[in-house]
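Here, each number is a calculation from the coordinates, and none is a lab measurement. Because the structure is predicted, anything quoted here is derived from the model rather than measured. Positions of Cβ are backbone-derived with ideal geometry, glycine not excepted, and every protein chain shown enters the neighbour counts.
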Amino acid sequence: MHTIEVAGVEIDTRHYVNGQRLASPETYTNTSPIDGTFLGEISRGDSDAVDAAVAAARAAFPAWAALGPKKRGELLNKLADLVEENVETLANIETLDNGALLRSHLRGVMPRVAMNIRFFADYAINDLHHDVFETRGHTNNVSWDPSGVAALITPWNAPLMLATWKIGPALAAGDTVVLKPAEWTPLTASYFADLTKRAGIPDGVFNVVFGYGSEAGAALTAHTGISRISFTGSVPTAKIIAHSAADNLTPVSFELGGKSPCIIMADADLDLAAEIAVEQYDNAGQVCLSGTRILVHESIADVFADKFREKAAALVQGDPRDPATDIGPQIHQVHFDRIKGFVDRATAEGHDIVWGGGPNEELGGLYFRPTLVKNPTPGSEVLTSEIFGPVLAMQTFTTDDEVIAMANGTEFGLAAVVVSGDRVHAKRITDQLVAGTIWVNCFFVRDLRAPFGGSKKSGIGRDGGTWSFDFYADVKNTVISPNGWKE
Ligand code: ADP
């Protein structure tokens, strides 16, 4: 039995290698975070599975690279069409597998998956600059050549969304791909592999190996047959991957964690501020970009806190398949316990837990109440560690210098949110923030043409537009002399 029925479709639980399914001798159990339902036994990738996948991707590389952006673009656009036709199926699979809201998957996430593929396919054709420079009569021709096999390692919080940020540009650039999705959320990657087949993507161009990070992931990132490693996940795992990449000098692109500030200025529209603050609980707090440190100006702190409390109290927690639900479960018991550990320690240390503070006993299982910790002691772990759950901290400030120091005072630099009613003042603040993305009076607006990534420990490199191709392609300059021609 190598298939399971999920959301009304058959999903293969084996790796996808060279257009075929490949089983490993061992499996691991996959359950739904919604209610612990058993979903299936998934192939537990080892170095044999990884070797097979990399060999297939290497064999498929020359022909895929030679196709050129236009022909690749046709196939990738077909793939995007198929994703669009299957939005409902993909949304249902993902919600069962990772517990994120079905309504978000239907309306936002899965259409964006199609867009991720389409955008980069079209970008490679229309927008990559093939610059030409003259140097004393010599011509410099810049080209973007395919680089080989891209190893993609992805997390569980937005599985197919984050995978296609990488798959899109890698395939459009002419690389072939081996994807290792997170062990807790393998299912949409398997269904997506079937869609690549139906789209006519040649065998071996796209491969998936399931399994644990320390096994399949480690074997893949240490492989000598890959040309790129793109990883989204935690800082400790990034350090391990950086070590194995160093042995082969494999270029890496890392999008890591965050502990982003959400700054509410004295001049902010406080209704908007409360709306934005409550959005930081999105995806049950399992969002690397979340502004988990709410920094609010002392003069408006009480009024803001009342508005924020009202909005937070209105959040509906429950089954993510119910359209009324705002906050679903955490991904897994291991992760739930980790979040609970942070909150239990904060409680034991006497921090002021304004709301939430523990599991939702009415719902049981993996449902953790949205939590707010007020004025934690500076330096405490709720202000410095990425909790990756529905746990926000709130602090007050009085001066711009103070809030800049607080905002920049962690090892992370992924994102920042600023809510202000004064453009000049807002710019003064954003100019001094260290972060890959800053949202002013908004949150989560993402244009695929724009750079995306983290400063400091939040990452290496940027995704989006040309930045993605900078990484996946081998950028080449050919210098042509005016001399020596026989014509
Ligand atoms: P999280 O703590 O959010 O689960 P991780 O960084 O551990 O984040 O996991 C993100 C991805 O990295 C997953 O696909 C996981 O399997 C993979 N991973 C974990 N450890 C390793 C490793 N040693 N080598 C390669 N990949 C790994």
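Some notes on this structure:
- Fraction of antiparallel bridges per DSSP, segment 350-487 only, in percent to nearest 5: 45 percent
- Cα long-axis angle, helix 270-279 against the chain (0 to 90 degrees, to the nearest 10): 60 degrees
- Dipole-positive endmost among Asn140, Leu22, Ser227 within the chain (Cβ charges, Cα centre): Asn140
- Whether segment 400-474 is rounded, prolate or oblate, judged on the alpha carbon gyration tensor where a/c under 1.5 counts as rounded: oblate
- Beta bridge orientation in the chain: antiparallel %, DSSP, nearest 5: 50 percent
- Relative packing of peptides 203-210, 473-480 - highest average C-beta neighbours within 10 Å first: 203-210, 473-480
- 30 Å Cα-Cα threshold exceeded, pairs from Lys340/Lys427; Lys70/Lys239; Lys239/Lys307; Lys239/Lys340; Lys456/Lys476; Lys78/Lys457: Lys340/Lys427; Lys70/Lys239; Lys239/Lys307; Lys78/Lys457
- Average projection area in nm² (convex hull over Cα atoms of segment 332-384, one quarter of hull surface): 3.7 nm²
- Rounded tilt (10° steps) of 87-98 against the dominant C-alpha axis of the chain: 60 degrees
- Each residue of the chain gets 156 Å³ once the volume of the Cα convex hull is shared out per residue.
- C-alpha center-to-center spacing [segment 242-321, segment 1-32] in angstrom: 35 Å
- Percent of beta bridges antiparallel (DSSP, segment 111-179, rounded to nearest 5): 50 percent
- The chain, relative contact order [Cα under 8 Å, separation at least 6], %: 18 percent
- Averaged over residues, the count of other Cβ atoms within 10 Å places the peptides 333-341, 391-399 in the sequence 391-399, 333-341, highest first.
- Projected onto planes of every orientation and averaged, the convex hull of the alpha-carbon atoms in segment 280-390 covers 7.2 nm².
- Sorting 365-375, 88-98 by their mean Cβ neighbour count within 10 Å, with the most densely packed peptide first, gives 88-98, 365-375.
- Table column - 3J(HN,Hα) (Hz), segment 65-72, Karplus curve with 6.51, -1.76, 1.60, x for Gly and Pro: 4, 6, 4, x, x, 5, 5, 4
- Convex hull projection area averaged over all views, segment 1-155, Cα basis, nm²: 12.0 nm²
- Percent of Cα pairs exceeding the 18 Å cut-off, where the set is segment 142-244: 44 percent
- Segment 346-423-segment 133-161 distance, computed between alpha-carbon centres (Å): 37 Å
- Calculated from backbone phi, Karplus (6.51, -1.76, 1.60) coupling profile of segment 178-186 in Hz, x at Gly/Pro: 10, 9, 10, x, 4, 4, 7, 9, x
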